[in-house]
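Scroll down for the structure; my scribbles are underneath it.
The values are calculated or read from the model by the stated rules, or taken from the named source; none is laboratory data. Not measured: the values here are computed from a predicted model. Cβ placement follows ideal geometry from the backbone for every residue including glycine, while neighbour counts extend to all protein chains displayed.
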Amino acid sequence: MLMQALVFLAAYFLGAIPFPYLLARLKTGRDIREMGSGNVGATNVMRTSGKALGLLTLILDTAKGSVAVLGAQAILQQEVYGAVAGFCAMLGHAYPVFLNFRGGKSVATGGGSFLVLSPFGILTSIAVFVVMVKISRIVSMSSIIASALFPLFAWFYGAGTGVVLWGGLSAALIVFRHKTNIQRLMEGTEKKIGEPKDV
């Protein structure tokens, strides 16, 4: 139990590394939480600090999840523990101790986590995300829908019960982290790609 707790705690701290904050600060000298949408994530970095930095942020945030899962599987030797570690990494990204627990929405970190555990499930979710973005031009709505469908896709492609369960909890976390976006969507005020952002 102690080893499991240490692995999950390490996954949280790995997820809590605030790459969006660090890279945006390095590029602009400003706090990403006070720029654009205020979200500590790759999309906001891309909008406020450039596409190249946004892409680098996306890669690093995705890698956090993958490394957490692979590390947990290597140490604890069970797939379900990898899923738990991935969820812990997502919690770290969403509620990072290094930023007073004010983090991002964990979409990329969750994607990296479950890319290891259910690659076809994640790739199908990514396809849904891309289609939804093209149709709606709203990143938040596309992320919510793609994330919510992931557990179904993981189950369809034969993922284990633990992966489907923790995938569902991870999807719920992502949806919860989008609560302000959901409110704006309901009000019809959520910004679309290409619309001006306050920076």
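Please go through segment 120-175 and give me each residue that is closer than 28 Å to Arg47 by Cβ, of a type in the set (Ser, Thr, Tyr) and free of Cβ contacts under 8 Å to residues at least 60 places away in the same chain, ordered by number. Answer for segment 120-175, where residues must be closer than 28 Å to Arg47 by Cβ, of a type in the set (Ser, Thr, Tyr) and free of Cβ contacts under 8 Å to residues at least 60 places away in the same chain: Thr124, Ser125, Ser136, Ser140, Ser142, Ser143, Ser147. With within 15 Å of the chain's Cα centre (by Cα), surrounded by 17 or more Cβ atoms within 10 Å (Cβ to Cβ) and in a helix (DSSP H, G or I) as the only criterion, which of Leu60, Leu23 stands out? Only one candidate passes the filter, namely Leu60. Can you work out which of the residues in segment 63-109 that are hydroxyl-bearing (Ser, Thr, Tyr) and under 10 Å from the mean Cα position of the chain (by Cα) is nearest to Arg47 (Cα to Cα)? Checking each candidate, the answer is Ser106. Note on segment 151-199: among residues that are hydrophobic (A, V, I, L, M, F, W, C) and in a loop (DSSP other than H, G, I, E, B), the one that is modelled with the highest pLDDT is Ala159.
Could you list all residues from segment 26-35 that are surrounded by 15 or more Cβ atoms within 10 Å (Cβ to Cβ) and in a loop (DSSP other than H, G, I, E, B)? Listed by number, the list holds a single entry, Met35.
A search for C-beta distances below 9 Å between a residue of segment 188-199 that is surrounded by 13 or more Cβ atoms within 10 Å (Cβ to Cβ) and any residue that is at pLDDT below 65 and of a type outside the set (Ser, Thr, Tyr), counting only pairs 6+ apart in sequence or on different chains, returns Lys191/Lys197.
For segment 36-49, the condition of being within 19 Å of the chain's Cα centre (by Cα), in a helix (DSSP H, G or I) and farther than 24 Å from Thr180 by Cα holds for none of the residues.
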